[in-house]
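Trainee: I'd like to ask some things about the structure below.
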Amino acid sequence: MTAMTHAMVKGSNIPLDVLGIRAVLRWSPGAGVPDVDASALLLGADGRVRSDADFVFYNEPRHPSGLARHLPKKRVAEGLTDTVEVDLTSLDASVARVVIAASADGGSFGQVPDLHVLLFDTGAPVRSAPLATFDVTPDTGDETALICGELYRRDTTWKFRALGQGYATGLVGLATEFGIAVDDEAESGADPGSGPAAGSREPVHAPPAVPEPEATSAYGYPLPEPAPGHVPAQPAYGYPQPPQQRPQHAAPAYGYPQPVAASPGFVLPPQGPQFQTGRR
């Protein structure tokens, strides 16, 4: 006997006597219709994810346990579909709920016609009728993310509740609502290799200034500051050069260097007797 399909309304629930559930989002595509993405969040008893890995969606299509999966989109006669699967009976006991969600890319759900959730038994033949259907109607039409429904434990039984609650903050708002740590770069659309995104909470620190080393001579003493236009002589064969004399103010005549003016108080060294007056 073929199982009857339950047509659900917002707030209603049904028991699920199955090993696993395939939740299919289906809508009618067209010009100006946003793309729709399905996702699943595995929540603990506190209503939050146990870790970021509990968010299963198009960028993280498989839970580490392998018990929750995001499947590729398909085109069917009735429209487009995006799907998540959950193996209910094998889930860890710490998972109290599994939220089935949808996000709109490029618009809001007021622009998405004929949005439905269809629940299938993963153990049933492919062509089997769905266990339940739910026509998802947004409350305002401005929602960019929707909680379509939730799978939840009731003693030893799993149930599904139809919800249709929405957020105007998209997939990021949906994720943060349940405790997902969303990277600011992902939220702003920045290239991860281009540094912190604009508006990021990550502080931007300037690199510490590194003082330039003081120039020293070959003997370790600081060199005097060169005069303007001065070009230091290059070492000859690796030997240190004598200290440079200060530039001379008088221009050389015919290319010959001029004598260096004696400094005040200059005294000739003692001369030999042949140069001393008064002596023979």
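Trainee: If I ask for residues that are surrounded by fewer than 17 Cβ atoms within 10 Å (Cβ to Cβ), touching a strand residue (DSSP E or B) at 6+ places or on another chain (Cβ under 8 Å) and of a type in the set (S, T, N, Q), which ones from segment 109-158 would you list?
Mentor: GLN111, THR122, SER128, THR137, THR140, THR157
Trainee: Across segment 94-108, which residue is farthest from LEU163 (Cα to Cα) among those that are open to solvent by 10 Å² or more (accessible area, probe 1.4 Å), assigned to a loop (DSSP other than H, G, I, E, B) and modelled with pLDDT of 95 or more?
Mentor: SER94
Trainee: Return yes when VAL126 is without any contact (Cβ under 8 Å) to a residue 12 or more places away in the chain, over 18 Å from TRP158 (Cβ atoms) and of a type outside the set (Lys, Arg) and no when it is not. Spell out the reasoning first.
Mentor: On the way: without any contact (Cβ under 8 Å) to a residue 12 or more places away in the chain: yes; over 18 Å from TRP158 (Cβ atoms): yes; of a type outside the set (Lys, Arg): yes.
Yes: the conditions hold for VAL126.
Trainee: Within segment 5-25, is even one residue over 23 Å from THR157 (Cα atoms) and under 38 Å from the mean Cα position of the chain (by Cα)? Steps first, answer last, please.
Mentor: Keep residues of segment 5-25 that are over 23 Å from THR157 (Cα atoms), which gives 25.
From what's left, under 38 Å from the mean Cα position of the chain (by Cα): 25.
Within segment 5-25, one or more residues are over 23 Å from THR157 (Cα atoms) and under 38 Å from the mean Cα position of the chain (by Cα).
Trainee: Tell me which strands (runs of 3 or more DSSP E) are completely within segment 1-91 and hold 1 or more residues being β-branched (Val, Ile, Thr), or say none if there are none. Before the answer, list the steps.
Mentor: On the way: elements: 6-8, 13-16, 21-27, 35-43, 68-76, 79-86.
Strands (runs of 3 or more DSSP E) meeting the threshold: 13-16, 21-27, 35-43, 68-76, 79-86.
Trainee: Only one of (1) over 17 Å from LEU25 (Cα atoms); (2) among the hydroxyl-bearing types (Ser, Thr, Tyr); (3) crowded, with 16+ Cβ neighbours inside 10 Å; (4) in contact (Cβ under 8 Å) with a residue 60 or more places away in the chain is not met by TYR167, so which one is it?
Mentor: So TYR167 meets the others, but not (4).
Trainee: If you check SER65 against the conditions, is it under 20 Å from ALA168 (Cβ atoms), surrounded by 12 or more Cβ atoms within 10 Å (Cβ to Cβ) and within 29 Å of the chain's Cα centre (by Cα)?
Mentor: It is false that SER65 is under 20 Å from ALA168 (Cβ atoms), surrounded by 12 or more Cβ atoms within 10 Å (Cβ to Cβ) and within 29 Å of the chain's Cα centre (by Cα).
Trainee: Of all residues in segment 142-161, how many are modelled with pLDDT of 95 or more and either among the aliphatic types (A, V, I, L, M) or not in a strand (DSSP E or B) (or both)?
Mentor: Final tally of qualifying residues: 7.
Trainee: Can you tell me which residues in segment 36-65 are more than 16 Å from GLU177 (Cα to Cα) and among the acidic types (Asp, Glu)? Show your work before the answer.
Mentor: Residues of segment 36-65 that are more than 16 Å from GLU177 (Cα to Cα), as a first pass: 36-38, 58-65.
ASP37, GLU60 - these are the residues of segment 36-65 that are more than 16 Å from GLU177 (Cα to Cα) and among the acidic types (Asp, Glu).
The values are calculated or read from the model by the stated rules, or taken from the named source; none is laboratory data. Please read these numbers as outputs of a predicted model, since none were measured by experiment. Backbone-built Cβ (ideal geometry, glycine too); neighbour counts: all protein chains shown. Heads up: the accessible areas ignore ligands, DNA and RNA and are worked out on the full protein's heavy atoms, side chains in. Shrake-Rupley method; radii C 1.70, N 1.55, O 1.52, S 1.80 Å.
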